[in-house]
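The structure appears below as structure tokens.
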Amino acid sequence: MLLNYHLMIRQSVLISFPLGAKFNKNPKLVVYRQFLNMVRKLSCVNIEGKCYTCPMQKSCTYYKVSGENLRMYPGIFIHSNIFEKSFFRQGEELQLDFIILGNQRNNEAYIELFFKQYCKQSVCGIPFYLKSITTNVINGIQDASFNVVSIVESKNLQEVINDMIIYYNEHYETDYKNIEVLDTKQSREITMRDMHNHNVYGYMGIHGSINGLPKDFIVSGIGKYNYMGGGQLEIED
């Protein structure tokens, strides 16, 4: 079957915690970190080396999936909000929505491998049951006014989105078109920690409007920090 790389895919994984669960950090980022660790262990031939100096970058699955070790825009990540529920009672469920970009559909089998074999029904020592894995396509465009309610890079919002589009098209073989952001109003600066525990600086509370906004970006968020809950768009009625 030929894969349509032009599309963004959402693969939803539903797990439950038979004994309950308590996480000290955002559970979706905890799972994502473990997922990336697995991909690196299985695909990296220079495991002791540094990604940014590795001569095998162009052929490395981990480097592509992780968006150059989270330096750029990951090709597979878990949709997350900045603040997520971290305490679960017995039998409660957690849905993990993996966003898969373009040609990274070639690597979506890692998701099933992670939950069915690698984890051995436990994450951070917490038992879980895998209940289902479902896949659907995200597509379509709409005219929208919106607020950016979580962190994006410290630059013009149109540049934030179009830099992401350029990277997606070049590295993941998508075919998004550059867009024009209208009526932008910038709000306040914000600082947070990324998954490497480094400070990142940006803005949130930005208002804008776009004619022809891909619905993909409403689901995935925009900018370099969307993998950790950044760039979430709140659409105005």
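The values are calculated or read from the model by the stated rules, or taken from the named source; none is laboratory data. As the structure is a computational prediction, the values presented were derived from the model and not from experiment. Positions of Cβ are backbone-derived with ideal geometry, glycine not excepted, and every protein chain shown enters the neighbour counts.
Restricting to the stretch 17-46, name every residue that is closer than 18 Å to Glu92 by Cα and either basic (Lys, Arg) or in a helix (DSSP H, G or I) (or both). Break it down into steps so the answer makes sense when it comes.
Just the residues of the stretch 17-46 that are closer than 18 Å to Glu92 by Cα, to begin with: 17-28, 30-31.
Those that are closer than 18 Å to Glu92 by Cα and either basic (Lys, Arg) or in a helix (DSSP H, G or I) (or both): Lys22, Lys25, Pro27, Lys28, Val30, Val31.
Determine if the stretch 125-136 includes at least one residue that is under 21 Å from Ser80 (Cβ atoms), in the same structural domain as Val31 (by TED's automatic domain parsing), modelled with pLDDT of 90 or more and charged (D, E, K, R). Yes: the stretch 125-136 contains one or more residues that are under 21 Å from Ser80 (Cβ atoms), in the same structural domain as Val31 (by TED's automatic domain parsing), modelled with pLDDT of 90 or more and charged (D, E, K, R). Restricting Asn178, Asn197, Asn226 to residues that are loosely packed, with under 12 Cβ neighbours inside 10 Å, touching a helix residue (DSSP H, G or I) at 6+ places or on another chain (Cβ under 6 Å) and not hydroxyl-bearing (Ser, Thr, Tyr) narrows the list to Asn178.
Filtering the stretch 70-126 to residues that are of a type in the set (S, T, N, Q) and in a strand (DSSP E or B) leaves Gln95, Ser122.
Can you go through Gln104, Gln121 and tell me which one is assigned by TED's automatic domain parsing to the domain that holds Phe17, of a type in the set (S, T, N, Q) and over 17 Å from the mean Cα position of the chain (by Cα)? From the options Gln104, Gln121, the qualifying one is Gln121.
Specify the residue that is farthest from the chain's Cα centre (by Cα); the eligible residues are those in the stretch 55-67 that are of a type outside the set (Val, Ile, Thr) and crowded, with 18+ Cβ neighbours inside 10 Å.
The first filter runs over the stretch 55-67 and keeps only residues of a type outside the set (Val, Ile, Thr), leaving 55-60, 62-64, 66-67.
The next check asks that each one be crowded, with 18+ Cβ neighbours inside 10 Å; those that pass are 60, 62-64, 66-67.
Values: Cys60: 19, Tyr62: 14, Tyr63: 15, Lys64: 13, Ser66: 9, Gly67: 10 Å.
Restricting to residues being of a type outside the set (Val, Ile, Thr) and crowded, with 18+ Cβ neighbours inside 10 Å, the top hit is Cys60.
Every residue, every condition in (1) in contact (Cβ under 8 Å) with a residue 24 or more places away in the chain; (2) more than 16 Å from Phe114 (Cβ to Cβ); (3) not assigned by TED's automatic domain parsing to the domain that holds Ser132, yes or no:
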residue: Pro18; (1), (2), (3): yes, yes, no
residue: Val31; (1), (2), (3): yes, no, no
residue: Glu48; (1), (2), (3): no, yes, no
residue: Met56; (1), (2), (3): no, yes, no
residue: Glu68; (1), (2), (3): no, yes, no
residue: Pro74; (1), (2), (3): yes, no, no
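Of the residues making up the stretch 140-163, those that are in a loop (DSSP other than H, G, I, E, B) and either surrounded by 13 or more Cβ atoms within 10 Å (Cβ to Cβ) or touching a helix residue (DSSP H, G or I) at 6+ places or on another chain (Cβ under 7 Å) (or both) number 6.
Run Asn106 past the list (1) of a type outside the set (D, E, K, R); (2) within 27 Å of Gln232 (Cβ to Cβ); (3) surrounded by 13 or more Cβ atoms within 10 Å (Cβ to Cβ); (4) out of contact with any Asp or Glu (no Cβ under 6 Å at 6 or more places or on another chain) and report the number of the one that doesn't hold. For Asn106, the exception is condition (2). Applying the condition of being crowded, with 16+ Cβ neighbours inside 10 Å and under 19 Å from the mean Cα position of the chain (by Cα) to the stretch 34-54 and asking which residue is modelled with the lowest pLDDT yields Arg40.
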